[in-house]
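The values are calculated or read from the model by the stated rules, or taken from the named source; none is laboratory data. Bear in mind the structure is a predicted one, so any value in this text is a computation, not a measurement. Note that we place each Cβ from the backbone using ideal geometry, even for glycine, and neighbour counts take in every protein chain shown.
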């Protein structure tokens, strides 16, 4: 069974610092991996989608890398802002059950002014 | 619609009552997913539709849970004889394609509290 882990569970950084969020998964036969943002009491907002054949994806200040062999993905957020405060979750789907996304528990991020 | 719409946003039910949660996906999206999220946890898969076909319902916790999407658009998640452990946020997501998992778009969720 695919297990997805996100460490740390919580992170606090001063404004302007770069954020590094980690996601690890046990089954390397993934189909794709997605990073989401969740604000309190809200649904999830998709940030980046990485296909299994890709090594990274970029959108603005966000960059996500994927290393299937080591079962890891990293989300980098450059020059953090207070508006980046949220919970960040990663989710993976595998080729044999691709309709079922497996989520990590998330990393709660606080960016202090 | 512009996004995934879920209703009601909040539902309080007495133990033993039946509830129905509605999801209106983004127009034209083939795939529709239901997830359950407990406080402080990531979403847990419940079920998945491709058009009107329910392709995977392995995450439904018991036979009290039932989901349908009869015309391949709006979906309803029904919980019969609710229990306190059913209290959670129920999230609906849709995705454009049906042949491969693509980007998921989530609704705001329906928060169910069972007293």
Q | Where a residue in segment A:96-113 is at the interface with chain B (Cβ under 7 Å from one of its Cβ atoms) and its partner, wherever it lies, is assigned to a helix (DSSP H, G or I), with Cβ under 9 Å and at least six apart | A | none
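Results for (1) crowded, with 20+ Cβ neighbours inside 10 Å; (2) more than 14 Å from chain B (Cβ to nearest Cβ); (3) modelled with pLDDT of 95 or more, shown as yes or no for each residue.
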residue: A:21; (1), (2), (3): yes, no, yes
residue: A:32; (1), (2), (3): yes, no, no
residue: A:53; (1), (2), (3): no, no, no
residue: A:64; (1), (2), (3): yes, no, yes
residue: A:88; (1), (2), (3): yes, no, yes
Q: Consider residue B:55 carefully, then state whether it is at pLDDT 95 or above and part of a strand (DSSP E or B).
A: no
Q | Test result for residue A:43, under 20 Å from residue B:104 (Cβ atoms), crowded, with 20+ Cβ neighbours inside 10 Å, more than 14 Å from the chain's Cα centre (by Cα) and free of Cβ contacts under 8 Å to residues at least 60 places away in the same chain | A | yes
Q: Considering every residue within segment A:11-19, establish whether at least one is at pLDDT 95 or above and under 20 Å from residue B:103 (Cα atoms).
A: no
Q) (1) surrounded by fewer than 19 Cβ atoms within 10 Å (Cβ to Cβ); (2) touching a helix residue (DSSP H, G or I) at 6+ places or on another chain (Cβ under 9 Å); (3) modelled with pLDDT of 95 or more: which one isn't true of residue B:66, the others all being true? A) (2)
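Filter segment A:4-17 down to the residues that are assigned to a loop (DSSP other than H, G, I, E, B) and exposed (fewer than 12 other Cβ atoms within 10 Å of the Cβ) and list them by number.
A:8, A:16
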Q) Only one of (1) farther than 23 Å from residue B:14 by Cβ; (2) within 12 Å of another protein chain (Cβ to nearest Cβ); (3) modelled with pLDDT of 95 or more is not met by residue B:50, so which one is it? A) (3)
Q: Output the residues belonging to segment B:1-43 that are surrounded by 18 or more Cβ atoms within 10 Å (Cβ to Cβ) and free of Cβ contacts under 8 Å to residues at least 24 places away in the same chain.
A: B:42
Q | Enumeration of residues in segment B:58-71 that are away from every other protein chain (no Cβ under 14 Å), assigned to a loop (DSSP other than H, G, I, E, B) and either closer than 23 Å to residue B:85 by Cβ or touching a residue at least 60 places away in the same chain (Cβ under 8 Å) (or both) | A | B:61, B:62, B:63, B:64
**Q.** Residue list for segment B:16-44, restricted to those being within 9 Å of chain A (Cβ to nearest Cβ) and in contact with a strand residue (DSSP E or B) (Cβ under 6 Å, 6 or more places away or on another chain)
**A.** B:31, B:33, B:35, B:37, B:42, B:43, B:44
